[in-house]
Amino acid sequence: MRLKRPRLTTTALIAATVLTTALTVWPALGLYGQREAEHRRQDILAAARQSALNFTSLDYRHYDRDSANVLSGATGDFKKQFAAQTNQLTDLVAQNKSVSEGQVLEAGIVRADDDSARVLVVADSKVTNTAVPQGEARTYRLQLDLVHRDGRWLTSDVEFVG
C-alpha cells in the first residue's frame, strides 16, 4: 500500500505540470495568432493605400516613373490593362500637361484571407491640366482586389465605386 501513495503523488504532480504548461501555452498561441492577423491586416492596408496613391498621383513631367510605380504594385489583368494603355496615356497626359496629386483619406478591408483581399479606399486628388490650370479637386472611391504573391500584396483589380 505504501508504494501506491508515491506513484499517486508523482502522477498528480505530472498531471498538474502538464495542465499548468497547457494553460500557459494556450493563451500565448492565441496572442501569436492575433498578432499575425493584425500584421497581415496592416500589410494589406499599406499595400492598398500605396496602390491607390500611385494610381491617383501622376505627373506628365515624369509619367514613366509614375506609371512604373503603379505597375510595380500590380499583377494579373490590372497590370496587363494598365501596361497596354501606358503609351496612349503617356501621350495624353503630356498633351494636356496633366498633374494629379493624390491623397488617401481612408481605407478599410472588406474581406481578407491568407492569399487575397478586397479593400475600399477613399482618395482625393488635385488635378491640374491645360483645361483646368488652377486645379480641380476630385474624390475617388476605389475598390481594390489584392493578391499575396512572393511575400507582397499586389493589386489585381481596381474599380471605381459609387
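Quick rundown of the values:
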item: Some residue of the stretch 147-161 being in contact with a helix residue (DSSP H, G or I) (Cβ under 7 Å, 6 or more places away or on another chain), among the charged types (D, E, K, R) and closer than 20 Å to Leu58 by Cβ; result: yes
item: Hey, Arg35 open to solvent by 80 Å² or more (accessible area, probe 1.4 Å), charged (D, E, K, R), over 21 Å from Ile109 (Cα atoms) and at pLDDT below 90 or not; result: no
item: Within the stretch 100-146, considering residues that are open to solvent by less than 40 Å² (accessible area, probe 1.4 Å) and of a type in the set (S, T, N, Q), the one farthest from Ala52 (Cα to Cα); result: Asn129
item: Per-region count, the stretch 147-158, residues without any contact (Cβ under 8 Å) to a residue 40 or more places away in the chain and either surrounded by 12 or more Cβ atoms within 10 Å (Cβ to Cβ) or not acidic (Asp, Glu) (or both); result: 2
item: Test: residue in the stretch 127-139 that is closer than 22 Å to Ala37 by Cβ, assigned to a loop (DSSP other than H, G, I, E, B) and either over 13 Å from the mean Cα position of the chain (by Cα) or without any contact (Cβ under 8 Å) to a residue 60 or more places away in the chain (or both); result: no
item: Residue list for the stretch 64-90, restricted to those being surrounded by fewer than 12 Cβ atoms within 10 Å (Cβ to Cβ) and within 17 Å of Leu53 (Cβ to Cβ); result: Arg65
item: Selected residue (criterion: modelled with the highest pLDDT) from residues of the stretch 1-30 that are loosely packed, with under 10 Cβ neighbours inside 10 Å and under 30 Å from Gly108 (Cα atoms); result: Pro27
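The values are calculated or read from the model by the stated rules, or taken from the named source; none is laboratory data. Computed from a prediction, not measured in an experiment: that's the story for all the values here. Note: ideal-geometry Cβ built from the backbone for every residue, glycine included; neighbour counts use all protein chains shown. The protein model used for the area step is the full one, side chains on, heavy atoms only, and it has no ligands, DNA or RNA in it. Shrake-Rupley method; radii C 1.70, N 1.55, O 1.52, S 1.80 Å.
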